[in-house]
Amino acid sequence: MDKKEAKLRIEKLKKEINRHRYLYHVLDKQEISDAALDSLKHELDQLERKFPEFIAPDSPTQRVGGKPLAEFKKIQHKLPMLSLNDVFLFTEMQDWENRNKKLLPKEIKLDYYAELKMDGLAITLVYKQGIFWKGATRGNGKVGEDVTENLKTIEAIPLQVNLADLPSSLQKKAEEELEVRGEVFMKKTDFDKLNEIQKENEQPEFANPRNAAAGSIRQLDSKITASRKLNFMAYGLVTDLGQKTHQEAHEILQKLGFRAGTKLNQYCPDLSAVEQYHNEVSKKRNSLPFWIDGVVVNINDQKTFERLGVVGKAPRGAIAYKYPAEQATTVVEDIQVQVGRTGALTPVAHLRPVRVAGSTVARATLHNEDEIKRLDVRIGDTVIIQKAGDIIPEVVKALSKLRTGQEKKFNMPVQCPICGSKVVRRKGEVAHYCSNKNCFAVQKEKIYHFVSKKAFDIEGLGPKIIDQLLENNLIKDVSDIFGLNTSDLEPLERFAEKSAANIIEAVEKAKKISLARFIYALGIRHVGEETAIDLANHFRTIGRLQKASFDDLNRIYEIGEVVARSISDFFQDKHSLQLLARLLDQGIKIKEPEVRKKTEASGKTFVITGTLPSLSREEAKTKIREAGGKAASSLSLNTDFLVAGDNPGSKYEKAKKLGVKIISEKELLNLLK
Ligand code: IVH
């Protein structure tokens, strides 16, 4: 075969193999046997070896996986990858609809597109000139990991999209860049086979298909990914290709060459049709070849969806309508107490291992003493446990009729199981706490938290090493981490020179930290990642946060009384202040949050009252914050503007009295420009 003939044959083979990929993975049709298809692939492979100049990036032979990587690169998502709020009941779906209706003009009628909620992991794919260019995991929603090489091994992901069916004006746009989102998952049969192989190779089995899919995508060696049968379902078209509805987006995805669930998904003119779909899918669920954990319901009209915007990390216009948690029965063999980062004691039921929702469960949380009393659960009891999504399994009910009389009641210990200090239960709280601030376990958990991904993110400094550092008295608290050097680490067990140097380098790098992460890392009770961000945006420096009074904190929109109390207690505690001082002494540099736009609103405090003509309260608050302003809930002498809508209530009069400037939504929007 000469060069010209080879080129032609390669083109033809590529096209034909891709057509079978599309038939199989998108249309669920199989025209030729696997063996015949393999034979075509083999011929293509042979030809490409002979004429490597004709190997194209979208050739089916490029799916085998390349050289192992040293690490994943980070990729910033163009648009954040959000998540969904969950509900389990139809009444909650009705609440969702009513909440949305309130935010929309009366004349808008809501219709929906309902689809399967695949149990895998979210991925985003970017195509340039129609060829698969890069793919990433969700990561923290803003920045994910570049897993392109691994994604290339998944046959259900087209290496080249079909742009020919788009109107010509849109083809150009799509060629420039096309972004598609969806779920990587594993079929039930492929999951079972994988676990069999794991067992044969004396490797640990995967607890559930989601873990298996995630573990396979996060492989530095793409040959391993290629050996695991992963699959893909598209559910989101990020690029605007003229889709007016969510349904149209799915149809376009399908035309582009993705499996987009269009046969199982359904347009629903109203919520009762959604309920019917949810019921029907529930019946089919077990016979589907893959796992689903619910259905996703999107407001079909794209404009309405966008208009509703985002609250927290989830769009208002979509929701996960999940199936109830799966349950199983087992026996409580023991109840033990764990001491957490905040010093709280959590009773944990140690169970006879049992399979629930595709994974083996050996422990379940009992939350606290009141919960144990409410359930009247005893050691030796047969109990019903349940698991919902990612939530830690919990005990739902003790089956008292099955008791033999040998069961033992459990009492909360009066002494901390770790350090022996007195255990206390504060007024108004359900949890018991170890009273010793330096309790070893408490301290340990605090350090784990401090270096964790969302906090200081010190790579390589995992729990095992922290345990060793504590045991060898190399650190007593988190501030000591920054004083470590390689000679401290090298003598430790299993420590090579290189890994010691890597950790010290990671520690050095971590010294520069954003204020939000720093606040989160402090492990203040009730202060999670979101609250830390709010505090950082509000106070902008740690000094200002430290000086804030309970009232200052309580005035902030997002912060309730309990959280405000916890923060002000933290900064009044002598130990916390000493720790802060030590951290700063160690050279920690805290970066102030960026103000994205400098506007007339920057640094100004706004209070909103009444109903605004177009923005919801949340939207107005977000816009204010984005422009560097602060959104407070109550008026004070510090308020710069009261934004008044319809029916403004008593705040209006109060603002007049205080001499606070009163503005309309229109004026607000001008200020934010
Ligand atoms: S839409 C706003 N549709 O569920 C986020 N998500 O709980 C866009 N998922 O992270 C999600 N099937 O990984 C959507 N048909 C589907 C889905 C789906 C599974 C996952 C996805 C997402 C998570 C949200």
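The values are calculated or read from the model by the stated rules, or taken from the named source; none is laboratory data. On a predicted model such as this, the values are computed, not experimentally measured, just so you know. Because the Cβ atoms are built from the backbone with ideal geometry, glycine has one as well, and the counts that use them run over all protein chains shown. Keep in mind that these areas ignore ligands, DNA and RNA; they rest on the heavy atoms of the full protein, side chains included. Shrake-Rupley method; radii C 1.70, N 1.55, O 1.52, S 1.80 Å.
What does the charge count near residue 370 come to, summing +1 for each Lys or Arg and -1 for each Asp or Glu among other residues with Cβ under 11 Å from its Cβ? The partial results should precede the final answer.
Values: positive: 373, 374, 425; negative: 369, 371, 429.
Its environment carries a net charge of 0.
Taking loop as defined by DSSP and a crowding limit of 16 other beta carbons within 10 Å, which GluC sites (Glu not before Pro) in the range 1-97 fit? It would help to have the intermediate numbers written out before the result.
Values: sites: 5, 11, 16, 31, 43, 48, 53, 71, 92, 97; in loops: 31, 71.
Those that pass, being in a loop and sparsely packed, are 31, 71.
Within straight cross-link reach of residue 7, meaning Cα distance under 25 Å, which lysines are found once same-chain residues fewer than 8 apart are removed?
15, 41, 50, 128, 152
How large is ³J(HN,Hα) for each residue in the range 47-63, as worked out from phi by the Karplus curve 6.51 cos²θ - 1.76 cosθ + 1.60 (θ = phi - 60°), to whole Hz, x for Gly and Pro?
Listing the rounded values in order: 5, 5, 5, 6, 10, x, 5, 9, 6, 9, x, 9, 6, x, 6, 7, 8 Hz.
Counting residues in the range 269-377 as N, plug N into 2.2 N^0.38 Å and put the Cα Rg over that result.
Numbers: Rg = 19.9 Å, N = 109, 2.2 N^0.38 = 13.1 Å.
Here the Cα radius of gyration is 1.52 times the empirical estimate.
For residue 627, what residues show an amide H to amide H distance below 5 Å, using hydrogens built from the backbone and excluding near sequence neighbours?
none
How would 55, 513 rank on accessible area, largest to smallest, probe 1.4 Å? All intermediate terms of the calculation are to be shown ahead of the outcome.
Values: 55 70, 513 5 Å².
Most to least solvent-accessible, the answer reads 55, 513.
Would the range 230-323 count as rounded, prolate or oblate if I go by the C-alpha gyration tensor, calling it rounded below 1.5 in a/c and otherwise prolate when a/b exceeds b/c, oblate otherwise? Each step should come with its number before you reach the end.
Details: a/c = 1.66, a/b = 1.20, b/c = 1.38.
Judged from the Cα gyration tensor, the range 230-323 comes out oblate (a/c at least 1.5, b/c at or above a/b).
Once you order the gyration tensor axes a ≥ b ≥ c over the Cα atoms, which shape class does the range 534-612 get: rounded for a/c under 1.5, otherwise prolate or oblate by comparing a/b with b/c? Walk me through the numbers before you get to the answer.
Numbers: a/c = 3.48, a/b = 1.41, b/c = 2.47.
Oblate is the answer for the range 534-612, as a/c is 1.5 or above yet b/c matches or exceeds a/b.
Compute all pairwise cysteine Cβ distances in the chain, then list the cysteines with no distance under 4.7 Å to another cysteine.
268
Would you please give the residues with an amide H less than 5 Å from that of residue 290, counting only those at least 5 places away or on a separate chain, with H modeled from the backbone geometry?
Those qualifying (amide H under 5 Å, at least 5 residues apart or on another chain) are 188.
Which ³J(HN,Hα) values in Hz, rounded to whole numbers, follow from the phi angles of the range 244-257 under the Karplus curve 6.51 cos²θ - 1.76 cosθ + 1.60, where θ = phi - 60° and Gly and Pro get x?
9, 9, 5, 4, 4, 4, 5, 5, 5, 4, 4, 5, 5, x
With each run of n ≥ 4 DSSP H residues scored as -39500 (n - 2.57), what mean residue ellipticity at 222 nm is computed for the chain after dividing by its residue count and rounding to the nearest 500 deg cm²/dmol? Walk me through the intermediate numbers first.
Numbers: 26 runs with 258 residues, N = 673.
One gets -11000 deg cm²/dmol as the mean residue ellipticity at 222 nm.
How would you classify the range 388-445 from its alpha-carbon gyration tensor, with a ≥ b ≥ c the square roots of the eigenvalues: rounded for a/c under 1.5, else prolate if a/b is greater than b/c, otherwise oblate?
Working: a/c = 2.31, a/b = 1.62, b/c = 1.43.
Because a/c hits 1.5 or more and a/b exceeds b/c, the range 388-445 counts as prolate.
Could you pull the Cα extents of the chain along its three principal axes, largest to smallest, in whole Å?
Sorted from largest, the Cα extents of the chain read 83, 65, 61 Å.
Pop out the ³J(HN,Hα) list for the range 660-673 in order, Karplus 6.51 cos²θ - 1.76 cosθ + 1.60 with θ = phi - 60°, rounded to Hz; leave Gly and Pro as x.
For the range 660-673, the Karplus-derived couplings read 7, 5, 9, 10, 8, 4, 4, 5, 4, 4, 5, 5, 7, 4 Hz, x marking Gly and Pro.
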